[in-house]
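What follows is a set of notes on a single structure, which appears directly below.
Only the coordinates and a few stated rules stand behind these numbers; no lab work does. Keep in mind that this is a model prediction, so the values were computed, not measured. No Cβ is skipped: glycine too gets one built from the backbone with ideal geometry, and neighbour counts run over all protein chains shown.
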Amino acid sequence: MEQFSKVVTELGKWFQTMKWYPLVRAMELKLLFGALGIKLLRELLYNFLPVSSYRTLNTIFYTIPIASLAHVVFFLTVWTTLASNTVKYTPYALWAFAFILLFPFTGLSLSGMIMPAIYVFLGFALFKYTTSSYALK
């Protein structure tokens, strides 16, 4: 845990050299869970709306690249929260992302369980880090 703490500290120093970091840092939790909300909303809409609405949904989420933007924002804010005091919320975001990957829980297979299992494991390891004495306070 001590080595990971040193890496996270250096990551924070590196982020502070970038001009966009103060802007993202000011609203990182809103961006993190907002991106998760957009990803969940997309899954819900595609699963519960009729097939005739897919053209509109494709326009919203793919022609206007909201789905890709939410994906990039999620991973960017996961990295930025690692180097901040809000790291204690990041495991919950990783677990929520694993939930969204599994949703709607149909057609579950071993190959479909690997990526969510990785995020659950990473969330557990990060949760263990946040409860250690080495975590950023």
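Condition (residue is in contact (Cβ under 8 Å) with a residue 24 or more places away in the chain and either of a type outside the set (A, V, I, L, M, F, W, C) or under 23 Å from Phe15 (Cβ atoms) (or both)) applied to the stretch 53-63: is it met by at least one residue?
We begin by selecting, within the stretch 53-63, every residue in contact (Cβ under 8 Å) with a residue 24 or more places away in the chain; these are none.
Within the stretch 53-63, none of the residues are in contact (Cβ under 8 Å) with a residue 24 or more places away in the chain and either of a type outside the set (A, V, I, L, M, F, W, C) or under 23 Å from Phe15 (Cβ atoms) (or both).
How many residues does the stretch 24-47 hold that are under 19 Å from Tyr89 (Cα atoms) and loosely packed, with under 13 Cβ neighbours inside 10 Å?
3
Among the residues that make up the stretch 20-33, is at least one of them assigned to a helix (DSSP H, G or I), without any contact (Cβ under 8 Å) to a residue 12 or more places away in the chain, among the acidic types (Asp, Glu) and out of contact with any Pro (no Cβ under 8 Å at 6 or more places or on another chain)?
Taking every residue of the stretch 20-33 in turn, none turns out to be assigned to a helix (DSSP H, G or I), without any contact (Cβ under 8 Å) to a residue 12 or more places away in the chain, among the acidic types (Asp, Glu) and out of contact with any Pro (no Cβ under 8 Å at 6 or more places or on another chain).
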